[in-house]
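The values are calculated or read from the model by the stated rules, or taken from the named source; none is laboratory data. As the structure is a prediction and not an experimental result, all values here were calculated from the model. Note that each Cβ is placed from the backbone with ideal geometry, even for glycine, and that neighbours are counted across all protein chains shown.
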Amino acid sequence: MKVILNTRTKILITTIVAVFVLGILILEHFRGGVISHHLLAKEDMPKISNWWGILIVPLVSWALLTLIQKRHKRSANHQKMVSKQEIYGFIGAFIFGIIITVLFYNAPELPGYLLLMTFVVALFLPIDRPEYYLGFILSMTYGFGGILPVLFGLGLMAVYTIEYRYIRKGLLEGLRS
């Protein structure tokens, strides 16, 4: 399946994301009310309602798709098709986010170790790309609402970017000398 990333595709994907988030909110509503989550899962921190997800997640999705589209325009061959690498990156991050969410609720001591492993991976692979971030936040929306995955993922993406673009470069230069 070939996907051309243009405005029409971005609208379609963003609409699907909005319907996905709305479906989660409707499900929560009929199961006793829309959930709110404490920042950092600490009771003394403020609560954020999952209702915010209906606004934030589609906006972030649109922004990330726009970044992918701009990267395509900057590429040497001005590709318009979404590459297999981008699709695999999205799917991999989506699966990783599901694993983190399931472990958080069933074995809360384990997600931290998995996240530490990503810091090692970020030294070798560019996991700071928008498709990874999009897969990560969408997969965690059911378990954590819309805002927490966006904020947490943004922090991770910043660290991954610093690691891959600067720390890795310094390590490689150090090994060469």
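General observations
- Selection within the stretch 4-31: residues that are modelled with pLDDT under 95 and hydroxyl-bearing (Ser, Thr, Tyr). The member of this set that is surrounded by the most Cβ atoms within 10 Å (Cβ to Cβ) is 9.
- Among the residues of this structure, residue 69 does not count as one that is within 19 Å of the chain's Cα centre (by Cα), surrounded by fewer than 14 Cβ atoms within 10 Å (Cβ to Cβ), at pLDDT below 95 and within 21 Å of residue 135 (Cα to Cα).
- Residues that are closer than 20 Å to residue 157 by Cα and outside any loop (DSSP other than H, G, I, E, B) within the stretch 105-123 comprise 111, 112, 113, 114, 115, 116, 117, 118, 119, 120, 121, listed in sequence order.
- Failed item, numbered, when residue 55 is tested on (1) under 17 Å from residue 87 (Cβ atoms); (2) surrounded by fewer than 16 Cβ atoms within 10 Å (Cβ to Cβ): (1)
- Candidate set: the stretch 1-51, residues that are of a type in the set (Gly, Ala, Ser) and in contact (Cβ under 8 Å) with a residue 12 or more places away in the chain; chosen: the one nearest to residue 86 (Cα to Cα): 18
- Among the candidates 46, 126, the residue that is farther than 30 Å from residue 171 by Cα, surrounded by fewer than 18 Cβ atoms within 10 Å (Cβ to Cβ) and touching a helix residue (DSSP H, G or I) at 6+ places or on another chain (Cβ under 9 Å) is uniquely 46.
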